[in-house]
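Here's the structure, in structure tokens; my notes come after.
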Amino acid sequence: ITITGSTVASKEYDGTTAATVSGGSLSGVINGDTVTFTQAGTFASKDVGTGVSVNITGSLNGVNASNYSLATSSSTGNITKKVLTVTANNDADFAGLTDISASYSGVSYSGFVAGESATNLSAANFTAPTIARSNSSVVASGTYNGVLVPSGAAATNYSFTYVNGNYTI
């Protein structure tokens, strides 16, 4: 017998292939037999995508379950990007020196799925953010809040929000 009409819930990227499957009904059960089922799903890929293939498996229960075998079925589902926060690290320089943007103190990331870190952001699927100082013409001593502005990151499985950093001269 087969499971038909199952629905696969869209999910945010979580680094796994687990799929949530609901609904559906059994097709091929002889009228009068008592057979129920549980189902589970597995995405073909853990990565973000639309219409990702999902393998649906299950188990049969009920008085007449032993008289049947359950065929594997399939469906599709969507995996959306997880939001990753990029924060410009605070930085400082001496008065009178010209900014060298490559020497800003970099960024910190938060929001990775379990088991992932910045090392998972490889050149093949990641564009590193850049940092610009929004008040780069200012050379007077002081602490300037929120002027280190990160932007431009891109990745296969993550979208980005940005938090500005402070700059002290």
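The values are calculated or read from the model by the stated rules, or taken from the named source; none is laboratory data. Computed from a predicted model, the values in this text were never measured in an experiment. Here the Cβ is made from the backbone with ideal geometry for all residues, glycine too, and neighbour counts use every protein chain on show. Areas reflect the complete protein model, heavy atoms only, side chains present, ligands, DNA and RNA absent. Shrake-Rupley method; radii C 1.70, N 1.55, O 1.52, S 1.80 Å.
Summary of computed values
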{"read-out": "Cut-off 12 Å between beta-carbons: net charge of the residues surrounding ASP93, Lys and Arg +1, Asp and Glu -1", "value": "-1"}
{"read-out": "15 Å beta-carbon shell around LEU148, net charge (K/R +1, D/E -1)", "value": "-2"}
{"read-out": "Entry for log10 I(q)/I(0) by the Debye sum over Cα atoms at q = 0.10, 0.13, 0.15 Å⁻¹ (calculated from the structure that is shown) out of (1) -0.57, -0.74, -0.85; (2) -0.44, -0.66, -0.83; (3) -0.42, -0.70, -0.90", "value": "(1)"}
{"read-out": "Cβ crowding within 10 Å averaged over residues, with 16-26, 153-163 ranked highest first", "value": "153-163, 16-26"}
{"read-out": "Within a Gaussian network of the chain (alpha carbon springs, distance under 10 Å), most fluctuating of ASP33, ASP93, ASP47", "value": "ASP33"}
{"read-out": "Qualifying aspartates and glutamates (Cα of each under 19 Å from Cα of LYS81; at least 8 residues distant if same chain)", "value": "GLU12, ASP14, ASP47, GLU116"}
{"read-out": "Counting DSSP beta bridges with both ends in the chain, the antiparallel % (nearest 5)", "value": "80 percent"}
{"read-out": "Residues of region 116-164: accessible area per residue with a 1.4 Å probe, Å²", "value": "53 Å²"}
{"read-out": "Segment SER69-SER141, length gained on full extension (0.36 nm per residue, minus Cα span)", "value": "18.3 nm"}
{"read-out": "Net charge contributed by nearby residues that have their C-beta within less than 15 Å of ARG133 (K/R +1, D/E -1)", "value": "-3"}
{"read-out": "Carbon and sulfur %, accessible surface of the chain computed with the full protein complex present, 1.4 Å", "value": "52 percent"}
